[in-house]
1. Over the chain, what number does the Rg to Rh ratio reach, with both radii from the alpha-carbon atoms and Rh per Kirkwood?
2. Using a 7 Å offset from the Cα along the Cα-to-Cβ direction at both R8 and D89, what is the distance between the two label points in nm, to one decimal?
3. If I stretch the segment between K50 and K117 completely, what's the gain in nm (0.36 nm per residue apart, minus their alpha carbon distance), one decimal?
4. Please name which of A127, F187, I114 has its Cα lying farthest along the dipole of the chain towards the positive end, using unit charges on Cβ (Lys, Arg +1; Asp, Glu -1) and the Cα centre as origin.
5. Could you give the size of the charge dipole of the chain about its Cα centre, using +1 on the Cβ of each K and R and -1 on the Cβ of each D and E, expressed in debye and rounded to the nearest 20?
6. Pull out the extension gain between Q153 and D196, defined as 0.36 nm times the separation in residues minus the alpha carbon to alpha carbon distance; nm, one decimal.
7. Is there a quick way to get the dipole size of region 103-202? I mean about its Cα centre, with the Cβ of Lys and Arg at +1 and of Asp and Glu at -1; what is the value in debye to the nearest 20?
8. Return the distance in nm (one decimal) between the two label points of a simple spin-label model at T57 and E189, each offset 7 Å from Cα along Cα→Cβ.
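What follows draws every value from the coordinates through simple rules; no lab data is involved. Everything numeric here is computed off the predicted structure, so don't read it as measured data. Cβ sites come from the backbone with ideal geometry, for glycine too, and all protein chains shown count toward neighbours.
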Amino acid sequence: MLVNHQERRPIVELLYFLEIGERLAHKCATAQAAMAPTSKMRQFLKGQAKQEAFHATLFQTAGRWIAPRYRNRPTTLQPFEEYSTLVTDTLNRKDFYESLLAEQVILESLGEAILSKIEDGLQKRHAPFRRLRKILLYQEAAHHGFGERVLEQAMANDRLTKEELNEKAVPYLELSHAMILGLKDLFEEIEEDPRDYLAIQQQFLPPWLVTTT
Ligand SMILES: [Fe+2]
Ligand SMILES: [Fe+2]
């Protein structure tokens, strides 16, 4: 069996966390597609929005498959909700570059950390749907790479500076760390250390983003 009885609740809650992250990514990419400066970017973002909607459905389906009757939601969603509010404000202000920093660069680095860690565990257990999981990881890496490239280009064209981006990044980085530490109890139940996820997230962040935590 892939998921034993004790692991079921924390894994379902972790999958729910991923599902709502994908829904936020979908909402964000949809809004970004309407404000991106070039048609090539708009096209990429429309594609991303579709992929994020599909990812959300995948995680929802996986959660229901593991525990069909389990309906409790995690109690530690406050940092995620604050993150979501900040991203929504940024989209309403039509700040394209800040939205890329918040979604494709920082939130996706957290998603990639969780997914790559889950993937290690799934490979050890010879879990099914390997191809589907590979596609998902590949798509997430593409979204993340897109965000970094567009921001690097914007810095090269003097549209914004590294210092401005670093200043904008502060609340998002703090909240992304709070999200992981807020899931501490869930991680402990599946014998994982949340600090490992923070270390992996760090590896996915670009070198121009200076993190202090
Ligand atoms: Fe996604
Ligand atoms: Fe993504």
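1. Rg/Rh: 0.96.
2. 4.1
3. 21.7 nm
4. A127
5. 1120
6. 12.4 nm
7. 580
8. 2.8
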